[in-house]
Every structure is written in C-alpha cells, then in structure tokens.
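Below is one structure, written out as structure tokens; the observations come after it.
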Amino acid sequence: MSTGAVTAADSDLASCHTCCKLSPASLHRCPRCGATLHLRITDSVQRTVALLITATILYIPANVYPIMVTEYLGVPEASTIMGGVVVLVKLGSIPVAAVIFIASVVVPLAKIAAMFYLTWSVARRKLEGPRRRTKLYVVAEFVGKWSMIDVFVVAILVALVQLQGLLAFYPGIAAYSFAGVVLVTMVAAENFDSRLMWDQLEEKNDSSRT
Amino acid sequence: MDNLIACHGCDLLVDVGNLEDDSRAYCPRCGHFLTRYQRDGMSRVLAYAIAAIVLLLVASSFPFLSFKQAGLESVMTLYGAPGSLARYGMPALGLIVATFIIIVPSLILLLMVMISVPLLIGRRVPWMHAATRAVFALQNWSMAEVFIIGVLVSLVKIMSLATVILGISFWAYSAFSICFILALVSLDRYQCWQLIDQLEAQA
Ligand SMILES: [Zn+2]
Ligand SMILES: [Zn+2]
C-alpha cells in the first residue's frame with residue numbers, strides 16, 4: 001500500500017451497502033442482513049450514464065410543454081416552468097421566483113451536469129481532486145429531491161383552487177416529464193460509485209512505485 | 001474487525017469503536033460522513049417517531065388549506081393534493097406525490113417503531129432484519145420537507161387572487177416533518193446494526 005491508506009477492497013473485504021458489515025469479498029450475500037454483496041456497484045459508470053441521458057431527454061418536454069393550465073373566467077391559459085417564473089417576477093414575488101427558478105432549472109441542470117462530469121472523470125481516469133469530486137457527488141445527491149417543489153405546487157393548486165367558471169387550475173403534461181427527470185436523476189446518483197475515483201488514484205500510486 | 005467501517009465515499013477502513021456520546025465520525029481521507037454515536041439514539045428514534053405519527057394523524061384529519069373568493073370557498077386536505085392529480089387525468093403522478101409525502105414517511109415511521117421497541121426492551125423479533133433493511137432502503141425517498149416549501153410557494157402564487165387560510169393540518173404537517181427529520185437523523189445505519197448484533201449475541 002503505497003498511499004498508506006488501507007481500504008476494505010485491499011483487505012479483500014466487501015462492505016455491505018445496507019448494514020455496513022465487512023465480509024470476505026468472495027461471499028455473494030451479506031451474512032448479517034442477506035443483501036447482495038458487491039465490492040463495487042456493478043457497471044456503475046454505464047448505468048449512471050444511461051440514466052443521465054434519459055433524464056436529459058425527459059428534461060426537454062418538461063420545459064417545452066405546459067406544467068399547469070390556469071382557467072380564469074372560462075379562458076384557459078397554459079404555462080411552462082419558465083413561464084411560471086416570469087409570472088412570479090411580474091407579480092413582484094422575486095424571492096419566490098428565485099426559489100422556483102433554482103429548484104426547477106438550476107438544480108436539475110447542475111445535478112445532471114455534475115453527474116456527467118463525475119462519470120466522465122471516472123471513465124477517463126482523471127486523478128486530480130478526488131476529495132473535491134467526492135464532495136460534489138454528496139452535494140449533487142442531496143439537492144436532487146428539492147426539484148420536486150414545482151410538481152408539488154401544481155398538485156396543491158389543482159387540489160385547492162377549483163372555483164368552476166371563475167378560477168381553476170389543471171395539471172399539465174410537463175409535470176409528468178419533470179417528475180421523471182427528478183426520479184431518474186435520483187436513481188442515477190444512487191448508481192454512481194465514488195469509490196472508483198479512489199481506486200484509480202491507488203492504482204496509479206501503486207504502479208508508479210513498481 | 002467489528003469496530004471497522006468502510007467509508008462509503010472512498011472505501012477507506014476507519015476504526016469507529018471508541019466514539020464519545022453524541023459524536024460523529026467523518027472519513028479522514030474523503031470527508032464523507034461515517035456514523036454518529038448517541039447512547040440514547042434508539043430512544044430518540046422512538047420518541048420522535050411516535051410524535052411524528054400523532055402529528056401525521058392530525059394532519060390527515062383536518063383541512064390543510066382553504067381558499068375564499070367572491071363568496072366561494074374551496075378546501076384542500078392533505079390527501080387532496082395527490083388525489084386531485086388523479087382526478088384530472090394524472091393518476092400515476094398522483095401516486096408518485098402520495099408516495100413521497102405520505103406513504104414513504106408512514107412506512108418509515110411504522111418500521112422505526114417495529115425496530116426501536118424490540119431493541120429498547122431487549123426482545124428478539126423475527127422481522128428485525130427485514131424491517132431494518134427496508135427502513136434504510138426507504139430513507140432517501142421521503143419528501144415531506146420539500147412539500148412544505150411547495151405549500152409556501154403555492155401560497156405566494158395565489159395570495160393576490162384571494163384569501164388563503166392555513167388549516168390545522170398545515171401546522172400539524174409542518175411539525176410532523178420536523179419530528180420526522182429528527183427521527184431520521186437519530187437512526188444511524190451502523191449503530192443500529194451494532195445494536196441488532198448485540199441483541200442477538202445475548203440470546
Ligand atoms: Zn448486510
Ligand atoms: Zn472516505
């Protein structure tokens with residue numbers, strides 16, 4: 001061990017992802033909780049990239065189609081995610097417009113970009129800044145669910161405001177695609193294995209010694 | 001070997017055997033959170049879980065928001081939010097919303113009680129492993145706190161259109177989401193399985 005760091009994999013131990021127990025890597029099931037044991041997540045990079053591409057594709061209809069339809073005095077008016085932000089700015093609710101813009105536009109795009117960058121860095125064996133990249137992964141994983149705010153807003157307004165003939169809200173098709181983006185990026189983050197970045201660093205250090 | 005934990009971020013083996021009460025361990029190499037030791041951790045889980053269950057029941061029983069304009073009034077309950085999506089042609093989305101704001105949190109709370117009570121009274125139960133696996137698989141899929149922010153944003157969006165009144169359920173659900181998060185952060189994966197091991201070693 002050239003780096004002086006001993007990992008579980010170096011000791012031929014697999015860490016159970018559900019109960020943290022260390023078991024010989026040759027076992028297929030965790031002896032304590034019965035979960036399947038893997039040294040690393042199988043095909044982590046391929047799976048993550050496939051899910052990220054799916055999320056990117058879903059992001060297009062999520063922004064092009066209306067997320068909500070407002071019917072005022074019998075006249076329906078459809079609004080997209082960005083349209084909703086513009087309306088809030090016009091109403092003078094800048095802080096709330098900012099919340100929606102960050103949750104619905106910045107967070108999903110930044111999360112997808114960060115995850116693409118991380119998988120690319122693993123696939124291309126970039127070695128610099130593994131600690132920084134691990135932090136980026138933790139942050140990307142944490143912020144993802146906050147993108148659901150807009151879908152919840154649609155659900156709440158549709159449920160609350162049904163004054164037929166006067167004012168009513170209806171859900172738009174983009175709510176589906178947008179919820180899809182959030183779900184798929186959450187699963188993508190779960191499939192990424194940040195330990196691969198540290199494995200590559202160790203392999204590099206080991207080979208430079210010999 | 002029982003005191004070692006492999007960092008989830010970088011796989012480094014770290015000794016977490018001698019943690020002081022209410023202290024957290026972080027990976028020295030990548031900075032990832034490893035575990036938090038609290039001597040009374042399981043009692044906290046149970047206390048917060050019971051409080052959260054009571055508050056969720058209250059939140060299910062009263063109006064969440066009501067909306068008044070030109071003599072017309074409409075009322076929304078907690079179940080109304082996912083229910084309305086189903087009513088206006090999006091049953092799958094309604095189910096997703098219900099899952100994140102009601103079903104997953106309820107399941108987690110139920111499982112927490114099923115795990116913490118036997119561990120606290122020192123009794124072996126057949127569902128211990130399955131329930132513990134399930135609770136940790138579900139823990140990232142609750143969005144109670146995100147829903148609260150969604151409610152506040154909705155309020156601002158319709159404030160100018162009419163009078164909106166926050167119902168008892170809104171306050172109960174807000175308090176529920178706080179207790180729920182406190183219960184979640186008190187339930188530590190590593191420490192919980194250590195307690196299960198200790199319980200089974202006694203028998
Ligand atoms: Zn296990
Ligand atoms: Zn680490």
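Report the relative contact order of chain B, percent, no decimals, based on alpha-carbon pairs under 8 angstrom and at least 6 residues apart. Mind dumping the intermediate values first?
Working: 258 pairs, mean separation 58.6, N = 203.
Over chain B, the number comes to 29 percent.
Roughly how much accessible area, to the nearest 100 Å², goes out of reach of solvent when A and B pair up, both sides summed, probe 1.4 Å?
5800 Å²
Note the angle between two axes, namely the Cα long axis of helix A:174-191 and the longest principal axis of the Cα atoms of chain A, as a number of degrees from 0 to 90, rounded to the nearest 10.
Tilt relative to chain A: about 10 degrees.
Among A:121, A:161, A:105, flag the residue with its Cα farthest along the positive direction of the charge dipole of segment A:85-175, charges on Cβ as +1 for Lys/Arg and -1 for Asp/Glu.
It is A:121, whose Cα lies furthest towards the positive end.
For residue B:145 and residue B:23, FRET efficiency with R0 = 22 Å and r from the beta-carbon atoms, rounded to 0.05? Mind showing how you got there, number by number?
Details: r = 25 Å, r/R0 = 1.15.
Once rounded, the FRET efficiency stands at 0.30.
Suppose R0 equals 22 Å. What FRET efficiency, 1/(1 + (r/R0)^6) with r the Cβ-Cβ distance, do residue B:107 and residue B:47 give to the nearest 0.05? Before the final figure, lay out the partial values.
Numbers: r = 19 Å, r/R0 = 0.86.
Using R0 = 22 Å, I get an efficiency of 0.70.
Between residue A:135 and residue B:161, what is the label-point separation in nm under the 7 Å Cα-to-beta-carbon projection?
In this crude spin-label approximation the distance works out to 4.3 nm.
Residue B:92 to residue B:178: extension gain in nm, 0.36 nm per residue of separation minus the Cα-Cα distance?
Extra length from residue B:92 to residue B:178 when fully extended: 28.2 nm.
Percent of alpha carbon pairs in chain A separated by more than 31 Å?
Details: 8296 of 21945 pairs.
Across chain A, Cα pairs with separations above 31 Å total 38 percent.
Quick one: of A:21/A:135; A:111/B:68; A:135/A:204, which pairs are farther than 29 Å apart, Cα to Cα?
Too far apart for the 29 Å limit: A:111/B:68.
Using a Cα-Cα cut-off of under 18 Å, which lysines could be cross-linked to residue A:90, ignoring same-chain neighbours fewer than 8 residues away?
Hits, sequence-local ones excluded: B:157.
Rounded to the nearest 20 debye, what is the charge dipole size of chain B about its Cα centre when +1 sits on each Lys and Arg Cβ and -1 on each Asp and Glu Cβ?
560 debye
Could you tell me which residue out of B:117, B:67, B:196 lies farthest along the dipole of the protein assembly as shown toward its positive end? Charges go on the beta carbon: Lys and Arg +1, Asp and Glu -1, centred on the Cα centre.
Of the listed residues, the answer is B:67.
Starting from the Cα-Cα distance between residue B:200 and residue B:127, subtract it from 0.36 nm times their residue separation and give me the gain in nm to one decimal. Before the final figure, lay out the partial values.
Working: separation 73, 0.36 × 73 = 26.28 nm, distance 1.29 nm.
Extra length available between residue B:200 and residue B:127 comes to 25.0 nm.
Can you give the FRET efficiency for residue A:89 and residue A:26, using 1/(1 + (r/R0)^6), R0 = 56 Å, r = Cβ-Cβ distance, to the nearest 0.05?
The calculated FRET efficiency here is 0.40.
³J(HN,Hα) across segment A:153-168 via Karplus (A = 6.51, B = -1.76, C = 1.60, θ = phi - 60°), whole Hz, x for Gly/Pro?
Once rounded to whole Hz, the list reads 4, 4, 4, 5, 5, 5, 6, 7, 9, 10, 9, 3, x, 9, 8, 8.
For the charge dipole of chain B, defined by +1 on Lys and Arg C-beta atoms and -1 on Asp and Glu C-beta atoms about the Cα centroid, which residue among B:172, B:53, B:34 has the Cα displaced farthest towards the positive pole?
Value: B:172.
Can you give the longest stretch of chain A with no exposed loop site, where a site means trypsin sites (Lys or Arg not before Pro) in a DSSP loop (not H, G, I, E or B) with at most 16 other C-beta atoms within 10 Å?
It works out to A:127-210.
What's the longest uninterrupted piece of chain B once you rule out the trypsin sites (Lys or Arg not before Pro) that are loop residues per DSSP with at most 16 other Cβ within 10 Å?
On the way: sites that count: B:39, B:123, B:124.
Excluding the exposed sites themselves, the longest stretch runs over B:40-122.
Roughly how compact is segment A:19-111, stated as its Cα Rg over 2.2 N^0.38 Å to two decimals?
Values: Rg = 22.3 Å, N = 93, 2.2 N^0.38 = 12.3 Å.
Against the compact-globule rule of thumb, the ratio is 1.81.
Starting from segment B:122-203, pick out the chymotrypsin sites (Phe, Trp or Tyr not before Pro) whose DSSP state is loop and whose Cβ has at most 12 other Cβ atoms within 10 Å.
Counting only loop positions with at most 12 other Cβ atoms within 10 Å, the chymotrypsin sites (Phe, Trp or Tyr not before Pro) in segment B:122-203 are B:127.
If I model a spin label as a point 7 Å beyond the Cα along the Cα-Cβ vector, how far apart are those points for residue A:75 and residue B:2 in nm?
7.4 nm
Roughly how many nanometres apart are two label points built 7 Å out from the Cα toward the Cβ at residue A:166 and residue A:109?
3.9 nm
Restricted to Cα positions, what overall size does chain B have along the principal axes? Three whole-Å values, descending.
70, 38, 31
Given +1 on the Cβ of Lys and Arg, -1 on the Cβ of Asp and Glu, and no further charges, what dipole in debye does the protein assembly as shown carry about its Cα centre, rounded to the nearest 20?
Computed about the Cα centre, the dipole is about 280 debye.
Reported to two decimal places, what Rg/Rh ratio describes the protein assembly as shown when computed on Cα atoms with Rh from the Kirkwood expression?
Rounded to two decimals, Rg over Rh is 1.02.
Hey, what number do you get for chain B at 222 nm if only DSSP H runs of n ≥ 4 count, each worth -39500 (n - 2.57), divided across all residues, to the nearest 500?
It lands at -18500 deg cm²/dmol.
So between residue A:42 and residue A:82, what do we pick up on full extension, going 0.36 nm a residue minus the alpha carbon distance?
Stretched out fully, the residue A:42 to residue A:82 stretch lengthens by 10.6 nm.
Under 5 Å between amide H atoms, partner at least 5 residues away or on a different chain: which partners does residue B:35 have, H built in plane at 1.01 Å?
B:25
For chain A, take the longest principal axis of its alpha carbons; what is the angle in degrees between that and the long axis of helix A:107-123, to the nearest 10 within 0 to 90?
Between the helix axis and the principal axis of chain A, the angle is about 20 degrees.
The values are calculated or read from the model by the stated rules, or taken from the named source; none is laboratory data. This one's a predicted model, so the numbers in the text were calculated from it and none came from an experiment. Every residue, glycine as well, gets a Cβ built from its backbone with ideal geometry; the counts of neighbours run over all protein chains shown. To get the accessible areas, we keep the full protein, side chains included, count just its heavy atoms, and leave off ligands, DNA and RNA. Shrake-Rupley method; radii C 1.70, N 1.55, O 1.52, S 1.80 Å.
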